[in-house]
1. Would you please list the contacts, defined by Cβ atoms under 6 Å and residues six or more apart or on different chains, that run from a residue in the stretch 17-45 that is among the aliphatic types (A, V, I, L, M) to a residue that is surrounded by fewer than 11 Cβ atoms within 10 Å (Cβ to Cβ) and outside any loop (DSSP other than H, G, I, E, B)?
2. Please specify each residue of the stretch 74-100 satisfying the condition of being among the aliphatic types (A, V, I, L, M) and closer than 15 Å to Leu122 by Cβ.
3. Going by the structure shown, is Lys16 open to solvent by 80 Å² or more (accessible area, probe 1.4 Å), more than 35 Å from the chain's Cα centre (by Cα) and basic (Lys, Arg)?
4. For the stretch 102-141, which positions are closer than 12 Å to Gln82 by Cα and out of contact with any Phe, Trp or Tyr (no Cβ under 9 Å at 6 or more places or on another chain)?
5. Give the stretch 140-153 a look and list any residue that's under 15 Å from Val98 (Cα atoms) and assigned to a loop (DSSP other than H, G, I, E, B), or say none.
Amino acid sequence: MRLNDLRDLPGASKSKKRVGRGLGSGLGKTSGHGQKGQKSRSGVAIKGFEGGQMPLHRRLPKRGFSNIFAKDFNEVNVGRIQAAIDDKKLDASKPVTVQALVDAGVIRRARDGVRLLGQGELKSKVSFEVTGASSGAVKAVEAAGGTVTITAMPQRTAKSEGEGAPKKQRKAAAESAPKKSAPKKSAPKKAAKKTTAKNDTSE
């Protein structure tokens, strides 16, 4: 070993922290000392703040809406079913259900059901039990001698009376409902006073 081969052990020395050398270094501007004033406080969100004027995200008009009751269906074409049958992943002699498509790997998971579409060519005679199907898909299946059975989605349970109504409506409904009369408590019986008859000594 020579003198020029001598090295410190890994971690024995650390490089100098160079601060104030630009934003790209990670320690530029404030040099790791943080912010002053409003930004140094917690719970402050300045992104989108435009000095008090109406910010851009509030000036832009809003269009449309998001349907919270929308169903998320798996869309499967008849050509994909035929490819699975040719690969012997699906048995054409058995009904093709949602669970059968999951087991065959045609779909990853069953969401709100399976909708059958008519793209591709179906040669096998298959009976389908799916949540929905397009008119083209039904024609393609029937042309091959198969059938399509539409299974209805489960209905939502109706809300109980007053559930989801504003507080004032629930209060008014509760007041209008006939009140059950509480059983009356019987008054405690007063102890009967014993009257002692005086002996009549008069003759």
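1. Val44/Gln38
2. Answer for the stretch 74-100, where residues must be among the aliphatic types (A, V, I, L, M) and closer than 15 Å to Leu122 by Cβ: Val76, Val78, Ile81, Ala83, Ala84, Ile85, Leu90, Ala92, Val96.
3. yes
4. Correct list: Val106, Gly118, Gln119, Gly120, Glu121, Leu122, Lys123, Ser124, Lys125, Val126, Ala140.
5. Listed by number, the residues that qualify are Thr151, Ala152, Met153.
The values are calculated or read from the model by the stated rules, or taken from the named source; none is laboratory data. Here the structure is a predicted model, which means the values were calculated and not measured. Glycine also receives a Cβ, built like all others from the backbone with ideal geometry; neighbour counts cover every protein chain displayed. Side chains are part of the model used for accessible areas, which takes the heavy atoms of the whole protein and leaves out ligands, DNA and RNA. Shrake-Rupley method; radii C 1.70, N 1.55, O 1.52, S 1.80 Å.
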